[in-house]
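Here is the structure we will look at, set down as structure tokens.
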Amino acid sequence: MSNWTDVAAEADLFEGAGIPVAPGGRDIALFSVEGEVFATDNLCTHGNAKLCDGFVEGHEIECPFHQGRFDLRTGDATLPPCTQPIKVWPAKVEGGRVYLNLGA
Amino acid sequence: MSVSPDALHWEAGGTSRIPFAVYTDEQRHQRELERLFYQGHWCYVGLEAEIPNPGDFKRTVVGERSVIMTRAADGQIHVVENVCAHRGMRFCRKRHGNATEFVCPYHQWSYQPDGTLQGVPFRRGVRQDGKVNGGMPADFNPKDHGLTRLKVAVRGGVVFASFDHDVESLEDYMGPTVLQYFDRLFNGRKLTILGYNRQRIPGNWKLMQENIKDPYHPGLLHTWFVTFGLWRADNKSELRMDAHHRHAAMVSTRGSMGQASGQAAQVTQVSSFKESMQLEDPRFLDIVPEPWWQMDDQMPTAVMTTLFPSVIFQQQVNSVSTRHIQPDGHGAFDFVWTHFGFEDDTPEMTQRRLRQANLFGPAGFVSADDGEVIEFSQQAFDSKPQHRALAELGGREVGETDHMVTETLIRGMYEYWRKVMEAPEKCDGGAA
């Protein structure tokens, strides 16, 4: 699929937190949980914080500013003060590279 | 540890001769804030109608402390102190607004409308080169670091708050006598906000309480009242007080249901009377009696209620308002008027209330005079604090009367003031 964009090397990811990537000027955070890759918009829907600097707890990302949480699989806000969902992007790993479907 | 102000000399023993020093000493002013505003008293903060929707808020004060009256998502009203739990900043700058949360701009600490701390940036530190640096201590619990919450009481759409969570009930605080005048005005109908006046008066805050406990001056100072027939010292009247003599109601009933006539024969003959003056727009005195004025067999046309220490509730014919006294040091206060009406008012009645509101506020035909006399009194107090004022009209005692020719309410207020302010030091300090 031509929509898949190479955004990072899988080796750049690590467990517990995210890394920021900027395909096409977008601000996206990549996370690795038990070997699976997830991508969300990086800017929290609540405060003016970068989720890549947060803390991964299970399949949730805890925002570094106000400790609200989102589910990395669905983008649902799971803990206040976050109430608005975060956008999630389809991600896959091929040949040691991370690809996002930015058309999604 | 507070510093005790110098002892005052009360000539004649009681409170009929008031030392100028009660208005001039900054240490005494700090003690007033502690003992009269922050401990053991209820202060006015606003009207429910000012924050009708979830998330609405209004910034105001209790004494000299900035507070925010909020309405949470569940409709509950809260009053929280506008002091960030972190570095103490007065984070809320807007006077009115709507918000789902308050965020201090300094370090982005975020609070719910009820004051609960939601979270703090970098609580768990910041990751750098695979290592997490800093962060709050492991035992940091946001529940311990919310905004200071005040005790809140709402009655008849009026919101009061107290830093003192052990304060008596609002109803006990007012006492049954004053409560009946409060309930007459705020009788359960929804209020509507017509507008605000704000003014800075360069005088001690107590002078405004005294002004509305002084039925001696209206027919003498306020030429407008006299000239256009709204005030007569021989109106049927009553002066009522609570058991502590701190609150009061000045109740007066004009003949012909409050309709002003402006006839020479019907007004008090004082030098300020000018028979030849005519109103360019007579609608300022288009007075229409309202059913809620009725109390037993009386139909008071004006009831001025002083609720110590922070507020005055006004009914002057069809004009109704709250007047909030907001001290700023011993020598000044902000005076904020909220003109309101009732949900069931006709458009004509709303217009009438708005027109009559021109008598009041900083440039009001009547009330402009009060701001000036308070300023000029304060100037004299500051220049010779060892002197004293006189409040001996009607005698030197304190008691309710059925006439207006007395300064008994002022003597009563200072009787209470002395009881609280001259009590031993143990009352000081400790308010949240």
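The values are calculated or read from the model by the stated rules, or taken from the named source; none is laboratory data. Quantities reported herein were computed from a predicted structural model and do not represent experimental measurements. Methodologically, a virtual Cβ is constructed for each residue, glycine included, from the backbone with ideal geometry; neighbour enumeration extends over all protein chains shown. Calculation scope for accessible area: heavy atoms of the full protein, side chains included, ligands and nucleic acids excluded. Shrake-Rupley method; radii C 1.70, N 1.55, O 1.52, S 1.80 Å.
Quick notes
- Which numbered condition B:Gly258 fails, given (1) farther than 30 Å from B:Arg418 by Cα; (2) modelled with pLDDT of 95 or more: (2)
- The range A:61-70, subset more than 8 Å from every other protein chain (Cβ to nearest Cβ) and not aromatic (Phe, Trp, Tyr), residue least open to solvent (accessible area, probe 1.4 Å): A:Ile61
- Of all residues in the range B:98-111 being open to solvent by 20 Å² or more (accessible area, probe 1.4 Å) and within 27 Å of B:Tyr196 (Cβ to Cβ), the one that is farthest from the other protein chains (Cβ to nearest Cβ): B:Asn98
- When A:Gly47, A:Gly95 are checked against the criterion of being closer than 17 Å to B:Arg124 by Cα and more than 13 Å from the chain's Cα centre (by Cα), A:Gly47 stands alone in meeting it.
- Only one of B:Asp296, B:Asp328 that is open to solvent by 20 Å² or more (accessible area, probe 1.4 Å), out of contact with any helix residue (DSSP H, G or I) (no Cβ under 6 Å at 6 or more places or on another chain) and at positive phi: B:Asp296
- Any hit, the range B:151-163, residues being of a type outside the set (Lys, Arg), within 19 Å of the chain's Cα centre (by Cα) and over 19 Å from B:Thr60 (Cα atoms): yes
- Residue within the range B:219-226 that is modelled with pLDDT under 95, open to solvent by less than 10 Å² (accessible area, probe 1.4 Å) and at positive phi present: no
- Members of the range A:44-60 found to be facing chain B (nearest Cβ under 9 Å) and either under 16 Å from A:Glu34 (Cβ atoms) or in a loop (DSSP other than H, G, I, E, B) (or both), listed by number: A:His46, A:Gly47, A:Asn48, A:Ala49, A:Gly54, A:Phe55
- Looking across B:Ala153, B:Ala138, B:Ala85, one residue alone is touching a helix residue (DSSP H, G or I) at 6+ places or on another chain (Cβ under 8 Å) and in a loop (DSSP other than H, G, I, E, B). It is B:Ala85.
- Being assigned to a loop (DSSP other than H, G, I, E, B), surrounded by fewer than 20 Cβ atoms within 10 Å (Cβ to Cβ) and in contact with an Asp or Glu (Cβ under 9 Å, 6 or more places away or on another chain) is a property that B:Pro54 has.
- Output for the range B:1-20, where each listed residue is at pLDDT 95 or above and either open to solvent by less than 10 Å² (accessible area, probe 1.4 Å) or polar (S, T, N, Q) (or both): B:Thr15, B:Ser16, B:Ile18, B:Pro19
So that you can scan it fast, the table gives a plain yes or no per residue for (1) open to solvent by 50 Å² or more (accessible area, probe 1.4 Å); (2) within 12 Å of chain A (Cβ to nearest Cβ); (3) touching a residue at least 60 places away in the same chain (Cβ under 8 Å):
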site: B:Thr116; (1), (2), (3): no, yes, no
site: B:Arg124; (1), (2), (3): yes, yes, no
site: B:Lys131; (1), (2), (3): yes, yes, no
site: B:Phe140; (1), (2), (3): no, yes, no
site: B:Leu147; (1), (2), (3): no, no, yes
site: B:Val154; (1), (2), (3): yes, no, yes
site: B:Gly157; (1), (2), (3): no, no, yes
site: B:Phe160; (1), (2), (3): no, no, yes
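- The range A:71-82 - residue that is closer than 15 Å to A:Asn42 by Cα and within 14 Å of another protein chain (Cβ to nearest Cβ) and, of those, surrounded by the most Cβ atoms within 10 Å (Cβ to Cβ): A:Cys82
- Residue within the range A:12-25 that is closer than 26 Å to B:Lys143 by Cα, assigned to a strand (DSSP E or B) and either more than 14 Å from the chain's Cα centre (by Cα) or more than 10 Å from every other protein chain (Cβ to nearest Cβ) (or both) present: no
- The selection criterion, being among the hydroxyl-bearing types (Ser, Thr, Tyr) and buried (at least 19 other Cβ atoms within 10 Å of the Cβ), holds for B:Tyr23.
- Screening B:Ser383, B:Ser377 for residues that are at pLDDT 95 or above and touching a Gly at 6+ places or on another chain (Cβ under 9 Å) leaves exactly one candidate, B:Ser377.
- First in the range B:16-28 and closer than 11 Å to B:Pro385 by Cα, second anywhere and of a type in the set (Asp, Glu) and assigned to a helix (DSSP H, G or I), Cβ under 7 Å, 6 or more apart: B:Thr24/B:Asp382
- Filter result for the condition that a residue is open to solvent by 10 Å² or more (accessible area, probe 1.4 Å) and in contact (Cβ under 8 Å) with a residue 60 or more places away in the chain, over B:Gly63, B:Gly40: B:Gly40
- Sole residue being part of a strand (DSSP E or B), crowded, with 17+ Cβ neighbours inside 10 Å, more than 10 Å from chain B (Cβ to nearest Cβ) and hydrophobic (A, V, I, L, M, F, W, C), chosen from A:Val93, A:Val37: A:Val37
- The requirement of being surrounded by fewer than 18 Cβ atoms within 10 Å (Cβ to Cβ), farther than 15 Å from A:Val93 by Cα and more than 14 Å from every other protein chain (Cβ to nearest Cβ) is fulfilled somewhere in the range A:26-34, by at least one residue.
- At least 1 residues being within 15 Å of the chain's Cα centre (by Cα) is the threshold, and among the strands (runs of 3 or more DSSP E) wholly inside the range B:283-397 those reaching it are B:302-307, B:311-316, B:319-327, B:333-342.
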